[in-house]
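What follows is calculated from the coordinates using simple rules that are stated; it is not laboratory data. Predicted, not measured: the structure shown is a model, and the values here were computed from it. Neighbour counts are summed over all protein chains in view; Cβ atoms, including those assigned to glycine, are modelled from backbone coordinates with ideal geometry.
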Protein chains: 2
Amino acid sequence: MLFSTKAEYGVRLMVELGRQPGSQPVSLGSVAEAERLPLSYLEHLVAKLRKAGLVTSTRGAHGGYRLAKPAEEITMDAVVEALEGQIAPMECFHDTPEGKVLCSHESDGDHACSTKLLWMRVQGGVSKALAGTTLAELVEFSTKSESTRRAVIGSAA
Amino acid sequence: MLFSTKAEYGVRLMVELGRQPGSQPVSLGSVAEAERLPLSYLEHLVAKLRKAGLVTSTRGAHGGYRLAKPAEEITMDAVVEALEGQIAPMECFHDTPEGKVLCSHESDGDHACSTKLLWMRVQGGVSKALAGTTLAELVEFSTKSESTRRAVIGSAA
DNA sequence: GCCATAACCGACCTCTTCGGTAGGATTTAG
DNA sequence: CTAAATCCTACCGAAGAGGTCGGTTATGGC
């Protein structure tokens, strides 16, 4: 698996927040119930999202979480990276402040890294997919397919 | 990390085999030495490559491994999949015999899987990158950059 | 002021995988 | 026969995944 369930659960959580129209916060408990996910585990995940500045929290009774920005402005690379850590195809890849990627094997006196070309392409493909998808798209996609499902069930009944 | 060092080491091993021009087999020991990788670990990896039909082996003295097909016909999706197992962005994705991908959450009576769109795109990006890269490309890329490095060292001396 | 609600925080626990080692069995060229 | 090589199985320490638990803090409603 490329990603763990941290990304899966976290994205589901974000979509759930994105569904809510108003600006009133959503409690984690209701999200956990809706998605049938363990509340205590979601707490860890939402903490990462909060530290990444993707959601804001209000404490106390009737508190909860809401998106820090409109869903259209939230791209999934930020979400997944917040949850899974740096997205790189391989251990030896790290971002440099100025440049983009660097393979740690290249500093060796040895011959050049034969895998670099491959991982660059993989990196590009993943980045493009993640950065090119907004939370708003996922929200729309899920509500749309949900309504078609309801229509199917309705016609079957 | 998207992939573990299994993919890294295994690809390096394949490139090393691809470098060799003749049809005489290359011993794992020489590969291990050239790439400075532990021999006993490479044995595990090359076993997977062999079972996947990517390399052939000849036992006994002067034995070793060689590519089962010309490097131009070996695409990296087969190599990485042999080493890492099924490539899917998420646990709930599995290939069906007829169709392409299926999310296991969709069979639930619950609302549709809100993450499917995202993982489909990621899957597509990775598949495209892996399937669109041949071993021959990596061999050429690494030998080319190696020769330029030699030129630099030569001019510096 | 109390209390229910909910965010916060850190410790812990089990299980699997990763990366690697070890020891042996088997095959083959010279 | 022997050295070189593939092959095979078992093991092992460290790390991460996927949670659980208990407690602390903040806040709205009565």
So, in nm and shortest first, the distances from residue A:30 to its counterparts in the other copies, with label points 7 Å along Cα→Cβ, work out as 6.9
If you rotate chain A onto chain B, the residue of A with its Cβ nearest that axis, and the gap in whole angstrom, comes out as A:125, 2
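Averaged over peptide B:3-13, how many Cβ atoms belonging to another chain are found within 10 Å of each residue's Cβ? Spell out each step's value before the answer.
Values: counts 8, 2, 3, 0, 6, 10, 1, 1, 5, 4, 1.
Across B:3-13, the average partner-chain Cβ count within 10 Å equals 4.
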Once amide hydrogens are built 1.01 Å from N within the peptide plane, the residues lying 5 or more places from residue B:133 or on another chain with amide H under 5 Å from its amide H are B:76, B:77
Along the dipole axis of segment B:7-101 (charges at Cβ: +1 for Lys and Arg, -1 for Asp and Glu; origin at the Cα centre), the most positive-end residue among B:61, B:76, B:42 is B:61
Calc'd 3J(HN,Hα), segment B:60-69, phi into Karplus 6.51 cos²θ - 1.76 cosθ + 1.60 (θ = phi - 60°), Hz, glycine/Pro = x, comes to x, 4, 6, x, x, 10, 9, 5, 7, 9
Non-local residues with an amide H under 5 Å from the amide H of residue A:55, with H modelled 1.01 Å from N and Pro and chain starts lacking one, are A:50, A:68
Mean other chain Cβ within 10 Å across B:126-136 is 4
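Could you tell me which of rounded, prolate or oblate describes segment A:1-53, using a ≥ b ≥ c as the square roots of the eigenvalues of the alpha-carbon gyration tensor, with rounded for a/c under 1.5 and, failing that, prolate when a/b is larger than b/c and oblate otherwise?
Values: a/c = 1.63, a/b = 1.42, b/c = 1.14.
Prolate.
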Using alpha-carbon positions, the gyration tensor of segment B:1-97 gives root eigenvalues a ≥ b ≥ c; with a/c under 1.5 called rounded, otherwise prolate if a/b exceeds b/c, else oblate, the class is prolate
